[in-house]
Amino acid sequence: MSPPTDLELVRTDFPRGRFRAVLFDFDGTLSLIREGWPQVMVPMMVEVLQKTPTSETAEELHAKVEEFVMRLNGRQTIYQMIQLAEEVRQRGGQPRDPLEYKHEYHARLMQRIQHRIEALASGQATPSEWTVPGSRELLEHLSRRGAVLYLASGTDLKFVQQEAELLGLTRYFGDRIFGALDDYWNFSKKLVIERMIREAGVAGPELLGFGDGFVEIEEIKRVGGVAIGVASDEARRQGVNEWKRRRLIQAGADAIIPNYRHAAELVSWLWAESAN
């Protein structure tokens with residue numbers, strides 16, 4: 001059986017057909033509720049850095065901030081704020097506590113997305129409007145094949161749980177939903193993967209991962225799993241985001257996909273099933 005037409009194979013020799021556990025990132029991989037978050041985080045950080053004794057222009061600061069924000073995408077939000085504090089310090093400023101920066105960022109982000117959450121909660125919007133196309137179909141096909149599904153997000157756990165419920169995704173993961181904690185040293189995607197290996201009794205090629213960020217791809221590959229990079233265009237909901245694609249390939253993704261519109265074909269191919 002051939003792979004779906006929208007799947008770009010970066011490597012052709014990765015093992016298929018043995019998967020027993022699957023890890024998903026959340027924002028940009030399944031959920032679109034937080035679409036546009038960089039347009040909130042980056043300007044906020046530029047504002048903070050402009051208050052330091054720096055001689056850099058707004059454009060120079062924007063480029064610097066965008067680089068580290070996207071490099072750290074996939075880790076807990078606090079790590080981006082820790083880096084912001086370090087950037088302030090390097091420019092001769094007095095940084096605030098990274099948790100304060102995180103709370104300010106989230107307050108600004110909520111101004112952008114609160115209407116989406118309210119529309120979902122009231123039924124004015126449907127989950128399909130705010131998920132990567134084909135997400136539910138993909139989760140259904142994986143569940144039918146007996147795969148144990150895990151969700152790990154750099155977003156705070158309480159928000160991931162709330163938003164997964166609004167999108168009707170909780171039932172696929174049960175209590176295997178993980179997210180950022182204020183005591184951030186007690187959570188990482190590496191720790192979740194280690195837990196998957198321990199709980200599900202999986203090894204290497206039995207582990208499959210989907211993500212649109214650097215971190216989950218690197219961590220899946222670190223343990224010998226197969227990583228599918230989701231280069232989703234979150235605003236248009238179709239086509240490939242080229243910036244994500246390049247970063248995901250750089251992180252070690254085995255294949256790139258824009259969304260899950262061909263979920264049935266994708267899962268059949270990953271499971272090495274016959275076309276007949």
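The values are calculated or read from the model by the stated rules, or taken from the named source; none is laboratory data. Because the structure is a prediction, the values reported are computed rather than measured. Backbone-built Cβ (ideal geometry, glycine too); neighbour counts: all protein chains shown.
Against the definition (in contact with a Gly (Cβ under 6 Å, 6 or more places away or on another chain), surrounded by 16 or more Cβ atoms within 10 Å (Cβ to Cβ), closer than 25 Å to ALA227 by Cα and in contact (Cβ under 8 Å) with a residue 60 or more places away in the chain), how does SER153 come out, yes or no?
The answer is yes for SER153.
Yes/no per residue for (1) within 18 Å of the chain's Cα centre (by Cα); (2) on the phi < 0 side of the Ramachandran plot:
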| site | (1), (2) |
| --- | --- |
| HIS103 | no, yes |
| ARG112 | no, yes |
| LEU120 | no, yes |
| VAL132 | yes, yes |
| ARG144 | no, yes |
| GLY204 | no, no |
| GLY211 | yes, yes |
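Report yes if VAL202 is closer than 22 Å to ARG71 by Cα, surrounded by fewer than 23 Cβ atoms within 10 Å (Cβ to Cβ) and either touching a residue at least 60 places away in the same chain (Cβ under 8 Å) or in the same structural domain as ILE256 (by TED's automatic domain parsing) (or both), otherwise no.
Answer is no for this residue.
Going through ARG89, ARG136 one at a time, which residue ends up being among the basic types (Lys, Arg), surrounded by 15 or more Cβ atoms within 10 Å (Cβ to Cβ) and out of contact with any strand residue (DSSP E or B) (no Cβ under 6 Å at 6 or more places or on another chain)?
Of ARG89, ARG136, the one residue that is among the basic types (Lys, Arg), surrounded by 15 or more Cβ atoms within 10 Å (Cβ to Cβ) and out of contact with any strand residue (DSSP E or B) (no Cβ under 6 Å at 6 or more places or on another chain) is ARG136.
If we keep just the residues of the stretch 29-47 that are touching a strand residue (DSSP E or B) at 6+ places or on another chain (Cβ under 7 Å) and over 15 Å from ASP156 (Cα atoms), which is surrounded by the most Cβ atoms within 10 Å (Cβ to Cβ)?
Looking at the filtered set, the residue picked out is LEU30.
Considering only the stretch 182-193, I want to know if a residue exists there that is in a helix (DSSP H, G or I), charged (D, E, K, R) and closer than 23 Å to ARG75 by Cβ.
Yes, the stretch 182-193 contains at least one residue that is in a helix (DSSP H, G or I), charged (D, E, K, R) and closer than 23 Å to ARG75 by Cβ.
I'd like the full set of residues that are crowded, with 20+ Cβ neighbours inside 10 Å and either touching a residue at least 60 places away in the same chain (Cβ under 8 Å) or among the aromatic types (Phe, Trp, Tyr) (or both), limited to the stretch 92-111.
TYR101, LEU109
Could you check, for the stretch 27-44, whether at least one of its residues is closer than 28 Å to ASN186 by Cβ, among the hydroxyl-bearing types (Ser, Thr, Tyr) and either part of a strand (DSSP E or B) or touching a residue at least 60 places away in the same chain (Cβ under 8 Å) (or both)?
yes
Restricting to the stretch 214-230, name every residue that is surrounded by fewer than 24 Cβ atoms within 10 Å (Cβ to Cβ) and not β-branched (Val, Ile, Thr).
PHE214, GLU218, LYS221, ARG222, GLY224
Could you say which residue among GLU137, GLU87 is over 18 Å from the mean Cα position of the chain (by Cα), more than 30 Å from ARG20 (Cα to Cα) and among the charged types (D, E, K, R)?
From the options GLU137, GLU87, the qualifying one is GLU87.
Is it the case that GLY229 is farther than 18 Å from PHE173 by Cβ, assigned to a strand (DSSP E or B) and at pLDDT 95 or above?
yes
Inspect all residues belonging to the stretch 205-223 and state whether any of them is without any contact (Cβ under 8 Å) to a residue 24 or more places away in the chain and over 22 Å from ARG144 (Cα atoms).
The answer is no; no qualifying residue exists.
In the stretch 112-133, which residues are free of Cβ contacts under 8 Å to residues at least 60 places away in the same chain and either touching a Lys or Arg at 6+ places or on another chain (Cβ under 8 Å) or loosely packed, with under 13 Cβ neighbours inside 10 Å (or both)?
Across the stretch 112-133, the qualifying residues are GLN114, HIS115, GLU118, ALA121, SER122, GLY123, GLN124, ALA125, THR126, PRO127, SER128.
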